[in-house]
Amino acid sequence: MSQAELTSPRIAAEERNALRQSSMISIERVSKYFDTRRDKRHLALSEITLPVTRGEFVSILGPSGCGKSTLLYIVGGFVQPSSGQVLVNDRPVEGPGPDRGPVFQEFALFPWKTVLGNVTYGLDQRGVPKAEAVARARALLAMVSLSGYENFYPKELSGGMKQRVAIARTLAYKPNILLMDEPFGALDAQTRTRLQNDLLKIWDEDRKTVLFVTHSVEEAVFLSDRVVMMSRSPGRIQDIIDIDLPRPRDRASLLLDRRYQDYVVNIERMMDAQTGDHS
């Protein structure tokens, strides 16, 4: 079904219901307005319809200001849409919930807590027995290559290590969905590459559903099953590109794969066209 068909008001009810049943996340005709200081309304998102199936890794690309992060916050329940709705497992999103785990560019770690304390915090709040919480946290820290850093404080860690702690903290309470808003955007290229590899390794283990916002075309193609290309403000879905590359993904092999190169070049051209229209 094409994007035009998905957003058409004439779509049959049975087709819409079938779409919901096959999707873990169903974004249906979502628009978002923000009020400005001059009593004007700014349209940030316009008529976004996007189904995301269970275990799918979907990246959202687009120019700055196109509403990528706003869409992620709406799915997370942190922002309410002006119209339309988001369903998760066929239930309307009315606020944040433990089924959706956010990982943002800002690490948002508690500076007064150790690495272990940061990872166990959510488990403590949910009443998980201390021994179980500590055991789960230690296992996750091993998964993100931070064994031995349990008693360090955030100020003693590099940016990449802080982001690993943030990912482990989110995974600790076992969300079904990861909502990642440019989680590696502030990191140097080498650290970013390493964390992309780590994320795919973690994702391969239990195939959580991931919505991933990024400005990097290469990152989106390397990580994703589908790339959603958004237009400049007001944000609309311009195109959805299926990434037909083998998994598990090996970066060195992909760099030599003509299909990978073609995806990157074609999506880069789409991005350039977007920014070109704006200039």
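The values are calculated or read from the model by the stated rules, or taken from the named source; none is laboratory data. Here the structure is a predicted model, which is why all the values come from computation and not from measurement. With ideal geometry, Cβ positions are generated from the backbone for all residues, glycine too; neighbour counts draw on all protein chains shown. Ligands, DNA and RNA are stripped out before the accessible areas are found, and what is left, the full protein with its side chains, is counted by its heavy atoms. Shrake-Rupley method; radii C 1.70, N 1.55, O 1.52, S 1.80 Å.
Where helices (runs of 4 or more DSSP H) fall entirely within the range 209-279, those with at least 3 residues that are free of Cβ contacts under 8 Å to residues at least 40 places away in the same chain and aliphatic (A, V, I, L, M) are at 251-255.
Residue-by-condition table, conditions (1) in contact with a strand residue (DSSP E or B) (Cβ under 7 Å, 6 or more places away or on another chain); (2) at pLDDT below 90:
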{"residue": "P111", "(1), (2)": "no, no"}
{"residue": "T120", "(1), (2)": "no, no"}
{"residue": "D124", "(1), (2)": "no, yes"}
{"residue": "G127", "(1), (2)": "no, yes"}
{"residue": "E132", "(1), (2)": "no, no"}
{"residue": "A135", "(1), (2)": "no, no"}
{"residue": "E150", "(1), (2)": "no, no"}
{"residue": "G160", "(1), (2)": "no, yes"}
{"residue": "N176", "(1), (2)": "yes, no"}
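Taking the criterion of being open to solvent by less than 20 Å² (accessible area, probe 1.4 Å), assigned to a helix (DSSP H, G or I) and not polar (S, T, N, Q), the residues of the range 184-201 that qualify are L195, L199, L200. If you go through the range 247-267 and keep only what is touching an Asp or Glu at 6+ places or on another chain (Cβ under 9 Å) and loosely packed, with under 14 Cβ neighbours inside 10 Å, you end up with R247, P248, R259.
Of all residues in the range 57-72, none satisfies the criterion of being at pLDDT 95 or above and open to solvent by 40 Å² or more (accessible area, probe 1.4 Å).
Could you check, for the range 160-169, whether at least one of its residues is open to solvent by 60 Å² or more (accessible area, probe 1.4 Å) and under 20 Å from the mean Cα position of the chain (by Cα)? The answer is no; no qualifying residue exists.
Does A172 count as of a type outside the set (V, I, T) and over 22 Å from D250 (Cα atoms)? So A172 passes the test.
Out of curiosity, is R54 open to solvent by 60 Å² or more (accessible area, probe 1.4 Å) and touching an Asp or Glu at 6+ places or on another chain (Cβ under 6 Å)? So R54 does not fit the description; no.
So that you can scan it fast, the table gives a plain yes or no per residue for (1) touching a residue at least 60 places away in the same chain (Cβ under 8 Å); (2) in a helix (DSSP H, G or I); (3) not polar (S, T, N, Q):
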{"site": "G148", "(1), (2), (3)": "no, no, yes"}
{"site": "N151", "(1), (2), (3)": "no, no, no"}
{"site": "G160", "(1), (2), (3)": "no, yes, yes"}
{"site": "I167", "(1), (2), (3)": "yes, yes, yes"}
{"site": "P175", "(1), (2), (3)": "yes, no, yes"}
{"site": "M180", "(1), (2), (3)": "yes, no, yes"}
